[in-house]
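Q: Structure in structure tokens, see below.
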Amino acid sequence: MSAISSCEVITAQVPCARSEDAEWIAQQLRECPADSRTAAQFAAALGVSSKTVQRSFQRETGMTFSAYRQRARALYALERLTAGTDLAVLGAAAGYTSASAFAQAFRQQIGMLPSALLRQSCELIELPRQPAAERNSDIRRSA
């Protein structure tokens with residue numbers, strides 16, 4: 001279960017692009033946020049200019065290419081943020097080179113640090129803990 005599932009205050013999304021080329025790039029950024037290709041490299045793969053990619057992103061999504069990438073990375077991490085998550089590993093999977101870069105970008109996009117969000121979410125959804133003696137007796141009974 002995602003840590004964010006119990007928080008209703010965070011509403012973050014990335015806008016969809018309308019053209020086929022811009023939406024293909026947007027999909028790549030959403031699904032593979034660690035992909036470090038630049039706008040120029042995506043443009044070359046499509047046979048268009050970097051300026052064309054930049055303009056179409058701005059026009060169709062209301063965001064620059066780099067702003068879209070940052071938002072997509074933060075949302076990728078947000079969707080996978082769960083209790084027990086190694087934040088350094090999650091940050092790397094989302095395309096960040098360090099845990100501090102991940103935390104800073106996450107806070108900029110989502111409004112709080114990933115660790116703070118986890119603490120808040122855990123407090124909201126934490127179930128009562130069963131005393132150790134009861135856990136052990138349940139184990140013995142089922143054996």
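The values are calculated or read from the model by the stated rules, or taken from the named source; none is laboratory data. Because the structure is a prediction, the values reported are computed rather than measured. Note: ideal-geometry Cβ built from the backbone for every residue, glycine included; neighbour counts use all protein chains shown. Just the protein is used for accessible areas: all its heavy atoms, side chains included, with ligands, DNA and RNA removed. Shrake-Rupley method; radii C 1.70, N 1.55, O 1.52, S 1.80 Å.
Q: With the checklist (1) open to solvent by 60 Å² or more (accessible area, probe 1.4 Å); (2) among the hydrophobic types (A, V, I, L, M, F, W, C); (3) touching a residue at least 60 places away in the same chain (Cβ under 8 Å) in hand, flag the one item residue 75 doesn't pass.
A: Here residue 75 clears every test but (1).
Q: Kindly evaluate residue 59 against the criterion of being surrounded by 14 or more Cβ atoms within 10 Å (Cβ to Cβ), under 30 Å from residue 40 (Cβ atoms), at pLDDT 90 or above and of a type in the set (Lys, Arg). Show your work before the answer.
A: Values: surrounded by 14 or more Cβ atoms within 10 Å (Cβ to Cβ): no; under 30 Å from residue 40 (Cβ atoms): yes; at pLDDT 90 or above: yes; of a type in the set (Lys, Arg): yes.
Considered against the rule, which asks whether it is surrounded by 14 or more Cβ atoms within 10 Å (Cβ to Cβ), under 30 Å from residue 40 (Cβ atoms), at pLDDT 90 or above and of a type in the set (Lys, Arg), residue 59 comes out as no.
Q: Restricted to the range 1-36, and to residues that are assigned to a loop (DSSP other than H, G, I, E, B), at pLDDT 60 or above and open to solvent by 70 Å² or more (accessible area, probe 1.4 Å), which residue is nearest to residue 97 (Cα to Cα)?
A: In this case the residue turns out to be 36.
Q: Look at residue 85 and say whether it is assigned to a loop (DSSP other than H, G, I, E, B), open to solvent by 30 Å² or more (accessible area, probe 1.4 Å) and at pLDDT 90 or above.
A: Working: assigned to a loop (DSSP other than H, G, I, E, B): yes; open to solvent by 30 Å² or more (accessible area, probe 1.4 Å): yes; at pLDDT 90 or above: no.
Against the criterion (assigned to a loop (DSSP other than H, G, I, E, B), open to solvent by 30 Å² or more (accessible area, probe 1.4 Å) and at pLDDT 90 or above), residue 85 does not qualify.
Q: Inside the range 59-82, can you point out the residues that are under 13 Å from the mean Cα position of the chain (by Cα) and part of a loop (DSSP other than H, G, I, E, B)?
A: 81, 82
Q: Please identify the pairs in which a residue from the range 21-47 that is aromatic (Phe, Trp, Tyr) has its Cβ atom under 8 Å from the Cβ atom of a residue that is open to solvent by less than 50 Å² (accessible area, probe 1.4 Å) and at pLDDT below 95, counting only partners at least 6 apart or on another chain.
A: Sorted first by the residue in the range 21-47, then by its partner, the pairs are 42/25; 42/28; 42/53.
Q: Hey, among 70, 109, 54, which residue is open to solvent by 70 Å² or more (accessible area, probe 1.4 Å) and out of contact with any His (no Cβ under 6 Å at 6 or more places or on another chain)?
A: 54
Q: With respect to residue 57, determine if the residue is aromatic (Phe, Trp, Tyr) and without any contact (Cβ under 8 Å) to a residue 40 or more places away in the chain.
A: no
Q: Let me ask something else. Sort out which residues of the range 88-116 are outside any loop (DSSP other than H, G, I, E, B) and either more than 23 Å from residue 37 (Cα to Cα) or of a type in the set (D, E, K, R) (or both), and write them in order of number.
A: Residues of the range 88-116 that are outside any loop (DSSP other than H, G, I, E, B), as a first pass: 88-93, 99-110, 114-116.
Within the range 88-116, 107, 110, 114, 115, 116 qualify.
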